[in-house]
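Input: a single structure, listed below in structure tokens.
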Amino acid sequence: MEINKNIQQSLLNISSLPTLPTVIESITRLLQNPKTSAEEIGKAITTDQALTAKVLKLVNSAFYGFPGRISTITHAIVILGFSTVKNIVLTASIFEAFKSSDNAVCGFDLEQFWTHSIACGAASHALARIMGNKEKEECFIGGLIHDIGKLILYKYYPEEFSSVLTYANTEDILFYEGEKKFLDITHEEIGSYIAQRWKLPSKLQSSVKNHHNPLPVYDNYINTGIVHCADIFVRALDYGNGGDKKIPLLSENVWTDLELENRSLVSIFDTIQDEVEKATEFIYLI
Amino acid sequence: MKKIPVEKIESGMILGRNVCGPSGSTLLIKGVCLTTALGRRLKNWGITSIYIEGEEDTPLEVYTSSISANKLKEHLTQKFSRVIHNVVMKKIFSAVYQHRLQKSK
Ligand SMILES: [Fe+2]
Ligand SMILES: [Fe+2]
């Protein structure tokens, strides 16, 4: 088997890596000015038609609590607030960036992958809510993009991806363990590289980079821990499939630091299920 | 109206009843034209059977949507096989098992 061991190097030379719509940058700039109005943000977003359509679909989903009732971006900002809408735009942009990932790798179902990702986002959101964490939306995006590196592998290194996938599934191990055997890089590193190119907040880069082994010394440790748990919980609940059929070990320090010992796991799963269901419509955005 | 498992969904079938997720929110509205892709999608979200338009009525019990306790346990045991020695993972296992059993009732 001929495996490209030098992904680390060659990744830097791919000129066609997915990009986020330019609107994201203009919104970030606008939001730095406290005097920016809802109309101005609305105008900036609507310059991108495809993105606007996706944003409107998202704001009208059950997940945000006003299904079918928001007709314009400005209206969305008034009801949901700047920061929520900004995160919704980012979510829509991520779907937009990956909309044409259509090469086929045997044994890998993109829809299952996105189901896993969306469910992990929703579960992260639910966990943040349960824990009184104010950064629910950031946790949602952290969960949504945690495995984005796998999608880059899938798109740009289909042979390597397929070897890892086949190995993981025949040996009945984690995709992550397969990567360590075949590649010089993991989906965590690839993902954080993309997040960095996209100029996503460094906290998000860190949670993508460390979602399999969050340590207290890393930036954004608590939110990364939430994504780490969410990934494991949605695997246990069988929402979609991120590339393997196994459950990873939950980090001991995360278990302690999120104080999961004192909580009812069964009711956590109930809440997660509720939230994941509200996010089911997101799959229509891919 | 006829109840069928999601695996049996064929393109062109018409949904006879709303499909609700286990916690009650509506996922699909009756009257919609089904496709095999939609069937796969429903399965991904944990739906096991649906009603379609048609002459014959099937008694509710024929395709019971609940996955049996034994099957669930077997499935989870396989998934957790490499981590079940760990105390925390044991707790997660039994909580997931309990949650999913309740949900399938
Ligand atoms: Fe991962
Ligand atoms: Fe994952």
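Laboratory data are not the source of any read-out in this text; all were calculated from the coordinates shown. None of the values given here were measured: they were computed from a predicted structure. Don't worry about glycine lacking a Cβ; one is built from the backbone with ideal geometry, like all the others, and counts go over all protein chains shown.
Shown here: region B:2-52, whose C-alpha atoms stretch 27, 20, 16 Å along the first, second and third principal axes, sorted largest to smallest. Binning all Cα-Cα separations of the protein assembly as shown at 20 Å, short to long from zero, yields these whole-percent fractions: 27, 58, 15, 0.
Exposed loop sites here mean GluC sites (Glu not before Pro) with a DSSP loop assignment and at most 11 other beta-carbon atoms within 10 Å; chain A contains its longest site-free run at A:3-258. Three principal axis extents of region A:19-97 based on alpha-carbon atoms, in descending order, are 30, 28, 17 Å. Please state the shape class of region A:63-212: rounded when a/c is under 1.5, otherwise prolate if a/b exceeds b/c and oblate if not, all from the C-alpha gyration tensor. Judged from the Cα gyration tensor, region A:63-212 comes out prolate (a/c at least 1.5, a/b above b/c).
Strictly over 28 Å apart at the Cα level, which of B:Lys3/B:Lys73; B:Lys2/B:Lys43; A:Lys86/A:Lys203; A:Lys278/B:Lys79; A:Lys57/B:Lys30; A:Lys245/A:Lys278 would you flag in this model? Over 28 Å Cα-Cα: none of the listed pairs.
With the simple spin-label model, which puts each label point 7 Å out from Cα in the Cβ direction, the B:Lys73 to B:Gln98 separation comes to 1.6 nm.
Does anyone have the angle between helix A:187-197 and the longest principal axis of chain A? Alpha-carbon axes, 0 to 90°, nearest 10? Helix A:187-197 sits at roughly 30 degrees to that axis.
Between 0 and 90 degrees, the angle of helix A:158-171 with respect to the longest Cα principal axis of chain A falls at about 60 degrees. Taking the charge dipole of the protein assembly as shown about its Cα centre, with +1 at Lys and Arg Cβ atoms and -1 at Asp and Glu Cβ atoms, the residue from A:Thr186, A:Leu58, A:Leu144 reaching farthest to the positive side is A:Leu58. Sites listed here are trypsin sites (Lys or Arg not before Pro) in region A:113-164 whose DSSP assignment is loop and whose Cβ has at most 11 other Cβ atoms within 10 Å: A:Lys134. The local environment of B:Ser94, defined by Cβ-Cβ distances under 13 Å, has a net charge of +4 under the rule Lys, Arg +1 and Asp, Glu -1.
Applying the criteria of a DSSP loop state and at most 14 other Cβ atoms within 10 Å to the trypsin sites (Lys or Arg not before Pro) of region A:40-120 yields A:Arg69, A:Lys99.
Taking a Cβ cut-off of under 14 Å around A:Ile14, the surrounding Lys, Arg, Asp and Glu residues balance to a net charge of +1, with basic ones at +1 and acidic ones at -1.
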